[in-house]
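Structure, as structure tokens:
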Amino acid sequence: MTTRLRKIYYSFPIRLLALHLRSHLVLVLIWLFLALLSTGVVGKFFGIHYLMLTPEYRGEVDFWSFFITGTALGALYMIWNLTTYLLSAHRFAFLATLEAPFSKYCLNNAVIPLAYLLAYLTVTVKFQWYDELSPFGVIFSNVAGFLMGIVVFTGLLALYLRLTNKDIVSFLSPGHFVPRPGSKLLAPGRRLPTLFEIQTGSTRWRVDTYLNERLRLRWVRSVSHYNPEMLARVFRQNHLNAVVVQGVALVLVMISGLFMDSEWMRVPTGTSIYLIASMMIAVYGAVVFWFRQWGLLVMIVLLVVVNITTGFGWFTYRNRAYGIDYVQEKRATYTYAELESLCEPEKVEKDIAETRKILEAWLAKNRAAGIEKPKMVFLCVSGGGMRSALWTLNCLQQADSATEGSLFRQTMLISGASGGVLGAAYFREVYRRELEGGTLSSRDPVLIDDMGRDLLNPVSFALASNDLFFPFGTFKSGNYTYRKDRGYILEKQLNENCRDLLTLRLAHYRDPERTAQIPMLVVTPFIVNDARRLIISPHNLSYLMRPPDNARRTLQTEIDAVDFHSMFAAQQADSLAFTSALRMNCTYPLILPNVWLPTKPAIEAIDAGFRDNYGLLTVARFVQVFQDWIRENTGGVVIVQMRCFEKIDAIGPSDTKGIVQSLFTPAQAAGSVTTIQDFEQDNVLSLLDNMLGDKNLNMLRFSYRPVRKENEATMSLHLSKREKLDLLEAFNSQDNQATLRRLKTVLAKE
């Protein structure tokens with residue numbers, strides 16, 4: 001090795017990098033994961049990289065949103081340095097002889113964070129220019145804010161540590177520093193090398209040069225003439241400072257969660273991700289610092305203990321559906337026998353009779369509009385995050401306008417999953433208020449702006465500052481008190497985005513639906529425990545709990561759904577917050593909490609897309625139940641589907657799949673659940689067509705296909721400007737315009 005190469009190889013920055021790759025790979029992988037998130041290699045489907053590259057604060061992407069995110073990255077950088085200093089400083093005894101040892105350590109330990117920063121800046125500049133359509137001046141201001149946030153936070157913390165951390169001179173001076181009581185307990189450090197080990201270099205890592213504050217290489221001096229105990233005292237005092245800073249940072253994050261209601265405290269998602277990464281680094285570093293080689297085993301044991309204790313309800317909080325009663329003694333019995341009692345033949349007939357009244361009201365309304373036998377429209381909206389919400393809302397506005405109001409007037413029922421139901425619910429509520437004299441039009445373009453607003457930033461903030469610990473804040477919904485978590489903040493933000501028009505209870509929609517003023521809206525979350533669907537409506541819908549059977553019940557069809565209104569009648573089902581019903585229907589795994597329901601045994605509800613991402617199962621069963629009435633009183637059924645997924649997917653090859661990759665083939669198959677649903681539902685449509693008779697079923701699809709593939713909207717709770725434009729432009733495609741013309745023809749007055 002040449003002298004120059006040896007000088008580089010034994011420089012402090014390179015030796016630290018080698019040490020981290022050898023001994024602290026978990027911490028390095030956290031940085032790598034952040035880089036993959038920021039560049040879109042990981043999480044692109046959910047649009048996470050958008051939130052990191054264009055952080056949004058109080059509805060704006062600007063200097064201050066980048067500044068706040070920059071301070072969080074600065075905090076991550078300092079936690080990285082504090083943690084690795086705790087784990088690594090004992091290997092570099094020369095640090096104790098330097099003035100401001102921690103400052104010099106941070107400077108030399110910046111290789112990995114600096115590589116991440118350069119990658120981030122490159123990608124965010126490109127993204128702002130191309131996807132956010134930002135001018136150069138705005139991009140420059142944003143980047144300046146980001147860098148300033150890093151500098152301000154790291155500068156203030158570095159100044160504090162420079163003033164409080166001691167070097168060996170402090171201990172050699174008269175009146176030398178005396179460590180505070182308990183410092184050995186809080187920051188015991190590692191065993192320092194003996195004088196012989198230092199002289200021989202048998203345990204320390206060789207370092208020849210280091211960078212000083214002026215970015216100049218300086219030669220490392222020998223420490224063999226120092227007392228090892230004196231060196232140990234320097235490291236213990238520095239370690240104590242590191243522990244104190246990490247503890248204070250953790251407490252501040254927890255306190256900030258108490259103020260999640262304030263929009264000023266809802267920091268950008270990128271900030272939350274950096275905070276979570278900081279906590280992961282700090283916790284992992286603390287465990288390894290204390291338990292050394294036993295660190296991995298201790299981490300596994302801790303995870304097992306946490307799982308057991310939280311399983312018994314200790315130190316944890318299960319998310320609830322707001323408005324209903326969770327008192328232990330009043331919980332509903334959830335057994336198969338109880339489900340059978342909810343859909344006994346007498347009850348089913350009673351519920352069918354009640355729904356026929358809605359059908360009659362719907363018929364009278366349309367006959368009053370001059371149509372003797374109107375087409376009965378069913379809206380099936382797909383899941384797909386905010387892109388589906390925006391797509392559904394835009395399709396409804398465009399199609400209802402093109403048909404001069406016939407579409408929504410003739411719509412009997414809306415079903416679907418996730419974001420699509422959010423868009424349909426908002427349109428329906430504005431439509432209802434418009435009929436009652438409201439000033440806001442259901443076709444007003446401002447609704448698009450409302451629905452396109454961010455939902456992910458407040459959720460991620462609540463996750464980082466509140467849900468990872470224990471939610472202490474409380475609020476009242478209906479007659480009951482609940483704790484504030486990311487489920488609560490999602491509903492609050494959704495209401496704020498939608499002008500507080502969705503702050504209603506389930507019961508508020510009973511009369512408007514009963515009189516056919518608005519279409520019925522049925523949401524169907526998936527019950528994790530037994531794979532059944534939870535049918536949520538202001539009406540009793542026991543006839544949707546199982547496939548219709550003949551009078552003799554010879555088919556013995558299985559109960560595959562649960563009528564929410566009947567199951568939780570004693571728990572005040574009518575008081576369920578409407579936003580809670582919507583949230584249960586679009587519970588993104590990990591991003592939003594599963595909703596725990598008051599039953600014995602307890603059950604959990606998650607996103608409806610696991611069973612029916614396109615909303616067709618509910619419609620098919622409804623049509624099957626009322627097929628005789630439909631054939632007698634209508635001109636047929638029109639199913640209008642608004643979907644955000646391709647009907648025909650590209651075929652993935654397996655030619656080059658390796659043996660390790662093949663192990664994950666079952667998981668890949670499970671990820672094709674929406675495609676599988678498409679195949680099964682085509683079969684259902686064929687059966688419906690045979691059942692209703694010739695020309696009595698029309699299936700029309702408005703499908704989102706990106707105008708430009710690179711602009712395709714992601715399945716996120718946040719959309720970029722270019723994605724929103726692409727969603728709106730996609731409606732003008734040839735296929736969708738052809739579907740619109742067919743819809744106008746089908747609904748034309750006869």
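The values are calculated or read from the model by the stated rules, or taken from the named source; none is laboratory data. Nothing here was measured: the structure is a model prediction, and the numbers come from that model. Neighbour counts run over all protein chains shown; Cβ positions are idealised from the backbone, glycine included. Side chains included, ligands, DNA and RNA excluded: accessible areas come from the protein's heavy atoms. Shrake-Rupley method; radii C 1.70, N 1.55, O 1.52, S 1.80 Å.
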| query | Considering only region 131-185, how many residues are at pLDDT below 80 and open to solvent by 90 Å² or more (accessible area, probe 1.4 Å)? | reply | 11
| query | Could you say whether any residue in region 352-372 is open to solvent by 10 Å² or more (accessible area, probe 1.4 Å) and in contact with a helix residue (DSSP H, G or I) (Cβ under 6 Å, 6 or more places away or on another chain)? | reply | yes
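For the structure I just gave you, tell me whether Phe568 is free of Cβ contacts under 8 Å to residues at least 60 places away in the same chain, under 29 Å from Gln493 (Cα atoms) and open to solvent by less than 10 Å² (accessible area, probe 1.4 Å).
The answer is no for Phe568.
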| request: Scan region 312-329 for residues that are at pLDDT below 85 and open to solvent by 50 Å² or more (accessible area, probe 1.4 Å) and report the count. | output: 5
| message | Being of a type in the set (Val, Ile, Thr), out of contact with any strand residue (DSSP E or B) (no Cβ under 6 Å at 6 or more places or on another chain) and closer than 19 Å to Glu56 by Cβ: is that true of Thr714 here? | response | yes
| Which ones in region 515-548 are in a loop (DSSP other than H, G, I, E, B) and open to solvent by less than 10 Å² (accessible area, probe 1.4 Å)? | Ala516, Ile518, Pro519, Thr524, Pro525, Ser537, Pro538, Leu541, Met545
| Does Ala748 satisfy the criteria of being open to solvent by 30 Å² or more (accessible area, probe 1.4 Å) and at pLDDT below 80? | no
| field | Per-region count, region 262-302, residues open to solvent by 20 Å² or more (accessible area, probe 1.4 Å) and under 25 Å from Gly59 (Cβ atoms) | value | 8
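To keep it simple, each residue is scored yes or no on (1) under 25 Å from Leu501 (Cβ atoms); (2) more than 17 Å from the chain's Cα centre (by Cα); (3) not polar (S, T, N, Q).
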{"site": "Glu558", "(1), (2), (3)": "no, yes, yes"}
{"site": "Phe564", "(1), (2), (3)": "yes, yes, yes"}
{"site": "Ala569", "(1), (2), (3)": "no, yes, yes"}
{"site": "Pro593", "(1), (2), (3)": "yes, no, yes"}
{"site": "Trp596", "(1), (2), (3)": "no, yes, yes"}
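Just checking: which of the helices (runs of 4 or more DSSP H) contained wholly in region 398-514 hold 1 or more residues that are touching a Gly at 6+ places or on another chain (Cβ under 9 Å) and farther than 28 Å from Phe731 by Cβ?
Details: elements: 406-409, 418-435, 446-451, 456-462, 486-497, 510-514.
Those helices (runs of 4 or more DSSP H) span 456-462, 486-497.
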| query | Within region 201-221, restricting attention to residues that are modelled with pLDDT of 80 or more and among the aromatic types (Phe, Trp, Tyr), which residue is surrounded by the most Cβ atoms within 10 Å (Cβ to Cβ)? | reply | Tyr210
| query | Tally time: how many residues in region 694-750 are in a helix (DSSP H, G or I) and polar (S, T, N, Q)? | reply | 6
| said: Every residue in region 461-476 that is open to solvent by 40 Å² or more (accessible area, probe 1.4 Å) and over 17 Å from the mean Cα position of the chain (by Cα), please. | reply: Phe469, Phe470, Phe472, Thr474, Lys476
| task | Among the numbered conditions (1) over 30 Å from Val625 (Cα atoms); (2) at pLDDT 90 or above, tell me where Asp454 comes up short. | result | (2)
| Number of the exception - Gln397 against (1) modelled with pLDDT under 95; (2) open to solvent by 10 Å² or more (accessible area, probe 1.4 Å); (3) among the polar types (S, T, N, Q) | (1)
| note | Residue hits (region 359-386; more than 30 Å from Leu717 (Cα to Cα), in contact (Cβ under 8 Å) with a residue 12 or more places away in the chain and of a type in the set (A, V, I, L, M, F, W, C)) are Leu359, Ala361, Trp362, Leu363, Ala364, Ala369, Ile371, Met376
